[in-house]
Amino acid sequence: MAYLGNPGNTIEVLQKYNFNFQKKFGQNFLIDDHILEKIVDSAELTKDDCVLEIGPGIGTMTQYLAERAGSVIAVEIDKALIPILKDTLSDYDNVTILNEDILKVDIAALVEEKNGGRPVKVVANLPYYITTPIVMGLFESHVPLDSITIMVQKEVAERMQVGPGTKDYGALSLAVAFYSKAEVVTIVSPNCFIPKPNVASAVIRLKVHGEPPVTVKDEAFLFQVIHASFRQRRKTLMNGLSNAPELRVSKQAVSEALQEMGVSESIRGETFTLEDFGRLSDILLEKREK
Ligand code: SAM
């Protein structure tokens, strides 16, 4: 089967199967072999690696992944793409194609089954409409991960890297900092895709930490506190946290915790560092209603 990094070959496959792009699935297929090489190089694959690819499309990047990695699990939601993938990947016996919605897959169980629970490398040109839930889901459900190398919208790559005090700072930036070290590999023009997306893109590599940079008593609670703090951006931490029933903390408890930290009650989440959130969640954990 011909390489799909070549645009002519991609168009031939699309025509052969009379494929209709589905906007609702964020389908923009890569047609630039330099970018494909860059993504796969930066993922640093070896034959010992198992790769999880989210949204293989017609299998363009999957071909590169299958050649460099030991095995590839490719999860694709669009039923119409499955016969195409079977065709374009017919030369490879190390690819498993699953016709599933990635947001509904128990990825930790899948990794246990396919890679004996050893860390996998995620490599994907993501569907942009669900970038945040995919990345948050991978981190928060404790899938064993080595790294995540993904194409995302350029603005989202920026949001993943910013620190406190900027308007883009939020739960995604904090999760990325807690779980990984982020590095932008390259900026990608809309011309590298068919059809062209309306936005610029970036490849970002998240190398997952062995140990998080901040130690907390309860990681799930830390992220509940973070999510509640950014749910309504204009609210103070005081209001955001005491209005979040899942936290089970009273206004009085939040007020005491902020006092203990020596910060004002009018402070907003966007000025809090990861360390601040770690300390706040540990203090609040002790003050939770049973
Ligand atoms: N990897 C291909 C490439 O680079 O040419 C396609 C990338 S395209 C941006 C995103 C792919 O994700 C599409 O094939 C789309 O059908 C698939 N997709 C969208 N939502 C999905 C979901 N919830 N679960 C799995 N795949 C999904």
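The values are calculated or read from the model by the stated rules, or taken from the named source; none is laboratory data. Source: prediction; values computed, not measured. Every residue, glycine among them, receives a Cβ derived from its backbone with ideal geometry; neighbour counts consider all protein chains shown.
Data table
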quantity	calculated
Options Gly70, Gly57: the member that is surrounded by 13 or more Cβ atoms within 10 Å (Cβ to Cβ) and at positive phi	Gly57
All helices (runs of 4 or more DSSP H) inside segment 1-120 with 1 or more residues being without any contact (Cβ under 8 Å) to a residue 40 or more places away in the chain and of a type in the set (Val, Ile, Thr)	60-68, 82-88
One residue from Ala175, Ala171, Ala200 being farther than 20 Å from Asp276 by Cβ and either modelled with pLDDT under 95 or more than 13 Å from the ligand (Cβ to nearest atom) (or both)	Ala200
Whichever residue in segment 240-256 is of a type in the set (Gly, Ala, Ser) and in contact with an Asp or Glu (Cβ under 9 Å, 6 or more places away or on another chain) and, among such residues, is surrounded by the most Cβ atoms within 10 Å (Cβ to Cβ)	Ala253
Breaking point among (1) among the charged types (D, E, K, R); (2) within 15 Å of the ligand (Cβ to nearest atom); (3) surrounded by 15 or more Cβ atoms within 10 Å (Cβ to Cβ); (4) over 18 Å from Asn28 (Cα atoms), for Glu76	(4)
Filter result for Ile82 (within 11 Å of the ligand (Cβ to nearest atom) and crowded, with 21+ Cβ neighbours inside 10 Å)	no
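Condition check ((1) of a type in the set (Phe, Trp, Tyr); (2) more than 8 Å from the ligand (Cβ to nearest atom); (3) in contact with a strand residue (DSSP E or B) (Cβ under 9 Å, 6 or more places away or on another chain)) across all residues:
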{"residue": "Thr88", "(1), (2), (3)": "no, yes, no"}
{"residue": "Val95", "(1), (2), (3)": "no, yes, yes"}
{"residue": "Leu98", "(1), (2), (3)": "no, yes, yes"}
{"residue": "Ile102", "(1), (2), (3)": "no, no, yes"}
{"residue": "Ala109", "(1), (2), (3)": "no, yes, no"}
{"residue": "Glu112", "(1), (2), (3)": "no, yes, no"}
{"residue": "Tyr128", "(1), (2), (3)": "yes, no, yes"}
